[in-house]
Amino acid sequence: MPPSPTAPSDTSPVWVLGGGGVAGIAWEVGILAGLAAEGVSVTADAVLLGTSAGAVVAAQIAGGTPLAQLYERQRAGVPYETATGLGLGDLVRLSRAQFLVRSPEHAARRLGQLALGTDDATIERMRTIIEARLPVHDWTDASVRIVAVDAETGQARTFTRSDGVALVDAVAASCAVPLSTAPIPIEGRRYLDGGMRSTLNLDLAPGSGPVIALAPSTAAIGPWARIATQRAALGANRRVEVLLRDAASKRAQGRTVMDPAIVPALVAAAREQGRREAPRVHAALAD
């Protein structure tokens, strides 16, 4: 999907790319590469809605780097990624913060309180990683929407080119996992991972056109974040196809989402899955 002045319409296709760590990036790139190999591509008038890992992939596609090249970058390994994950104590703290939450905003505020105590030195580390992930660091004419969450209010914000926010900062904010990375400062506010609202944010898909959603994770903080609930919010008459990891992709990933060592095998398995999913996706887009 090279940069294009083609403006999306209300009926343009929407590609929703969900979160899932380093593994999520590899799986989504593989799926999209497999689809492209079968002639199913993200068209210039499409809308890309990305959360966390999906924000990275959305920005990569919008930057104009061919999917075959993005695929080969993953196959070659991702040495710029770090294998550090959250410890057991951090995971327990995150779980407690999500206990008996009443709304996505309530959950995000609790998680934001934890995140705001994280060392700000982690912000520059995240920006450096995002810069390495993105071949192009500037917004293009493609319609890209990056989901992040305000750490204090819990409100979701969707960043676009028109906001005047640096692309690297917007993507970094969408990837700022609480207790791993401090919330990213943007325009006097602090933003954390968009996955703290929902790992997919399917219900934020704009317009009325067909939706293709790539969901490397089905984890849900609350009932509002369940894929079925978000799918229902789009209406029964809207064409929506949600792609989940198949058995081969799950085996390639294993139990971790942050280990760079799994990336080459996972992206290859995902490309084969993408080839098999191509008829279903093509039918949805042509409906």
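How long are the three semi-axes of the equivalent ellipsoid for the chain, computed from the Cα gyration tensor as the root of 5 times each eigenvalue, in whole Å, largest first?
Details: eigenvalues 140, 87, 73 Å².
They are 26, 21, 19 Å, listed from largest to smallest.
Could you check how many percent of all C-alpha pairs in the range 127-172 are farther apart than 15 Å? Write out the running numbers ahead of the final one.
Values: 470 of 1035 pairs.
Value for the range 127-172 (Cα pairs over 15 Å): 45 percent.
Can you give the local net charge around ARG231? Use residues other than it whose beta-carbon is closer than 13 angstrom to its beta-carbon, Lys and Arg +1, Asp and Glu -1. Please report the intermediate quantities before stating the final value.
Details: positive: ARG226, ARG238, ARG239; negative: ASP203, GLU241.
With Lys, Arg at +1 and Asp, Glu at -1, the neighbours total +1.
Roughly what % of DSSP beta bridges within the chain run antiparallel, to the nearest 5?
Close to 35 percent.
What are the trypsin sites (Lys or Arg not before Pro) within the range 201-287 that DSSP puts in a loop, where the Cβ has at most 11 other Cβ atoms within 10 Å? Write out the running numbers ahead of the final one.
Values: sites: ARG226, ARG231, ARG238, ARG239, ARG245, LYS250, ARG251, ARG255, ARG271, ARG275, ARG276, ARG280; in loops: ARG226, ARG238, ARG239, ARG245, ARG255.
Loop-located and lightly packed - ARG255.
Just grab the label-to-label distance for ASP10 and THR128, each label 7 Å out from Cα along the Cβ direction, in nm (one decimal).
Here the modelled spin labels are 4.8 nm apart.
Given a 1.4 angstrom probe, what's the average accessible area per residue across the range 14-282, in square angstrom? If you can, show how the numbers build up before the last one.
Details: 10580 Å² over 269 residues.
Counting only protein heavy atoms, the per-residue value for the range 14-282 is 39 Å².
So for the chain, averaging the separation of alpha carbon pairs under 8 Å that are six or more residues apart and normalising by length, what relative contact order in percent results?
Working: 663 pairs, mean separation 88.2, N = 287.
After rounding, I find 31 percent.
Taking DSSP loops as anything outside H, G, I, E and B, show the longest stretch in the chain free of chymotrypsin sites (Phe, Trp or Tyr not before Pro) there with at most 15 other beta carbons within 10 Å. Walk me through the numbers on the way to the answer.
Numbers: sites that count: TYR80, PHE99.
That would be 100-287.
When the accessible area of the chain is computed with all protein chains present and a 1.4 Å probe, what percentage of it is carbon and sulfur?
After summing per-atom areas, the C and S share lands at 52 percent.
The values are calculated or read from the model by the stated rules, or taken from the named source; none is laboratory data. As the structure is a prediction and not an experimental result, all values here were calculated from the model. No Cβ is skipped: glycine too gets one built from the backbone with ideal geometry, and neighbour counts run over all protein chains shown. Ligands, DNA and RNA are stripped out before the accessible areas are found, and what is left, the full protein with its side chains, is counted by its heavy atoms. Shrake-Rupley method; radii C 1.70, N 1.55, O 1.52, S 1.80 Å.
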